[in-house]
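Notes follow once the structure below has been shown.
Quick note: the coordinates plus some simple rules give every number you see, no bench work behind them. Worth saying up front: this structure is predicted, and the values here are computed from it rather than measured. So basically every Cβ, Gly included, is an ideal-geometry build from the backbone, and we count neighbours across all protein chains shown.
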Amino acid sequence: MNSLPLSLLPDTATIGDKGQLIIGGCDTLELAEQFGTPLFVYDEVHLRARCREAVAAFGVGVNFATKAFLCTAMARLAAEEGCNLDVSTGGEYHVARAAGVPADRLVLHGNNKSTAELRTAMSEGIGRIIIDSFDEIDRIEALVAEGLPVPRALIRVTPGVEAHTHEFVRTGQDDSKFGFGLASGQADAAVLRATASPAIDLVGLHAHIGSQVFDAEFFEMAIEVMAPFLQKHQLPEFSVGGGLGVAYVAGEESASITEWGEVVRAACVAAGITAHVTAEPGRALVAQAAITLYSVGTIKEIPDIRTYVSVDGGMSDNPRPVLYGSGYEAFLPRDVAADRDRVVTVVGKHCESGDILVRDALVPADLAVGDILATPVTGAYGHSMGSNYNKVTRPAVVFVADGKARLVVRRETLDDLLLLEVD
C-alpha cells in the first residue's frame, strides 16, 4: 500500500464517513468549494499547540520566526500563546505591529537593517535587536545620538558549524552574509565594541546554523563551539536560533520541539553555559499545520516518458521545490486512505518548465480533471515566499477550528494586480 502517511497531516486531521479529509472539523472539499483554489488551510489547534510547546521547551523569550508564515492572524495567535516574534524587515515589523503585538515583544533581525527600520523599531521600544554588522553598530550609535532610546541587543555570531542542509539555507559556516565570525575574531571585536558603546545595552549572544536541520548533533556542536565565548563574556542571554527540521515526505522523521529543547538544554548544561537559553522556531511551529488545496486542470500523458498533472497554482504559492529541490507528497482529499499506485509529475501553470511541485508524485489511479489535489506540510514558506509571477493572484488563507473556517487572508483579485500601477 502506498497510502499517504497520516503523520504528515495537521493534528486535528481525520477521515470523514465518505473517506474525505476533515481538518479542524471542516470538510476540505467543502472549503475548496467555498473559498476556491489554490487555498492554504491551517489547523488553528495545531498552531496553538506548537506555540505552547515552544514556550514550554524554552521558556520566556522564545521567538516565533515570522519569516516562515506571517499575517496579522498568525501574529496575534503566536503572541496569545506566549511567543515573542522575530521580524527581519520593516515589512514584517509593520505587520506584527498592525496585529497589535507590542514592540517590546518583537526581536529585530536582518543582515542589512536600514536606518529607517532601526529608527522605527528603536523609537517604539523594540524588545531586542540582533546586531549583524559593524555598519549596524554605527547606525545604532548615530540614532541614539539623535535622542532615540538605547536598545537591548544581542550579537549574532557565526560559529563555523556547517549543518547538513541545502547550501542556500546554511547560515552558521564561516563564509556567510550573516553575523560576526567566531574564528576570525570579528565576533570578539563586535562584543567588545558593543559593550563599550553607551548606545547599546548588550544582553546576549545569538547563533543560527541553518534551516531544515534534522540532526541535533549540529546544535550540540554549535553550543560546544560557542561555550568558551559565552563564558568569556558572561552575558545573560543566549539564543540558539532556529532551524529544526520538519518531515515533508514519507520516510522522513524529525525531532519534536520538546525533544529539541531537551537536547539544547542538556548541551548547555554540559558545556557550563549559565545564560538564559532561548530559540527562534519558525518552520517547526507552522509547516505541518497546513495543507494546500489545488484544482486539477490538465492531465497530459506522454507515453513511456511521463504524465503531467497541472494544477491552478505552482511556484507562485510554493517556490521551495524550484529553489531547493524540496520534496512533497500529493493526495486526493476525497479519498485520503486510497492506494496511490500511479506516478505523475504535479506541475503549476507558470511559463517555466521548472514549475514543478512534486516530481514523482504518488496519486490514486482514478485521478481526473476537476479533482481537488492536496499537498501537505505547506504551512511554512509558501504564503510567505509567494509571488505574482505571470500575474497569478495569490491564494487565500483560512484557519479552521471547531468546525468553523475563518478567512484570514483573502484571495487577491485581478484588480489587486493593478493597485500599484501609476499611469
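Annotations for the structure displayed:
- Along the axis of the charge dipole computed for the chain (Cβ charges of +1 for Lys and Arg, -1 for Asp and Glu, origin at the Cα centre), the listed residues G16, L31, L148 are led at the positive end by L148.
- Scaling against 2.2 N^0.38 Å puts the C-alpha radius of gyration of the stretch 332-420 at 1.29.
- Measuring r between the beta carbons of L192 and D415 and using R0 = 45 Å, the FRET efficiency lands at 0.25.
- Residue among T158, T307, T37 with the largest mean-square fluctuation in a Gaussian network model of the chain, springs linking Cα atoms under 10 Å: T307
- DSSP beta bridges fully contained in the stretch 44-286 are about 5 percent antiparallel.
- Remark: relative contact order (the chain) = 21 percent; criterion is Cα-Cα distance under 8 angstrom and separation of 6 or more residues.
- Its Cα centre serving as origin, the stretch 44-286 has a Cβ charge dipole (Lys and Arg +1, Asp and Glu -1) of approximately 580 debye.
- Principal-axis tilt of helix 217-233 within the chain, Cα atoms, nearest 10 degrees: 20
- The stretch 44-286, relative contact order in percent, only Cα pairs under 8 angstrom and at least six apart counted: 20
- Normalised by residue count, the stretch 44-286 yields a Cα convex hull volume of 110 Å³ per residue.
- In sequence order, calculated HN-Hα J values of the stretch 94-103 (Karplus, 6.51, -1.76, 1.60; Hz; x Gly/Pro): 5, 5, 4, 5, 5, 7, x, 6, x, 4
- Phi angles of the stretch 35-52 translate, via the Karplus equation with coefficients 6.51, -1.76, 1.60 and θ = phi - 60°, into HN-Hα couplings of 9, x, 10, x, 8, 8, 10, 10, 7, 5, 4, 4, 4, 5, 5, 5, 4, 5 Hz per residue; Gly and Pro are given as x.
- The stretch 112-138 and the stretch 13-74 have their alpha-carbon centroids 32 Å apart.
- Nearest 10 degrees, 0 to 90: helix 134-145 Cα axis against the chain principal axis: 70
- Structure-based [θ]222 nm, the chain - -39500 (n - 2.57) summed over DSSP H runs of at least 4, per residue, nearest 500: -8000 deg cm²/dmol
- Using a cutoff of 8 angstrom between alpha carbon atoms and counting only pairs six or more residues apart, the relative contact order for the stretch 1-158 works out to 13 percent.
- Karplus-derived HN-Hα couplings along the stretch 187-193 (A = 6.51, B = -1.76, C = 1.60, θ = phi - 60°), whole Hz, x at Gly and Pro: 4, 4, 5, 5, 5, 4, 5
- Counting only the Cα atoms, the stretch 25-159 fills a convex hull of 133 Å³ per residue.
- P(r) weight above 38 Å for the chain, C-alpha pairs, percent: 25
- In this structure, the amide hydrogen of R342, modeled 1.01 Å from its nitrogen in the peptide plane, lies closer than 5 angstrom to those of V363, A365, counting only residues at least 5 positions away or on a different chain.
- Nearest-ten-degree value, helix 257-270 long axis tilted from longest Cα axis of the chain: 30
- Local charge for A247 was computed over the other residues whose Cβ lies under 12 Å away, with Lys and Arg +1 and Asp and Glu -1, and equals -2.
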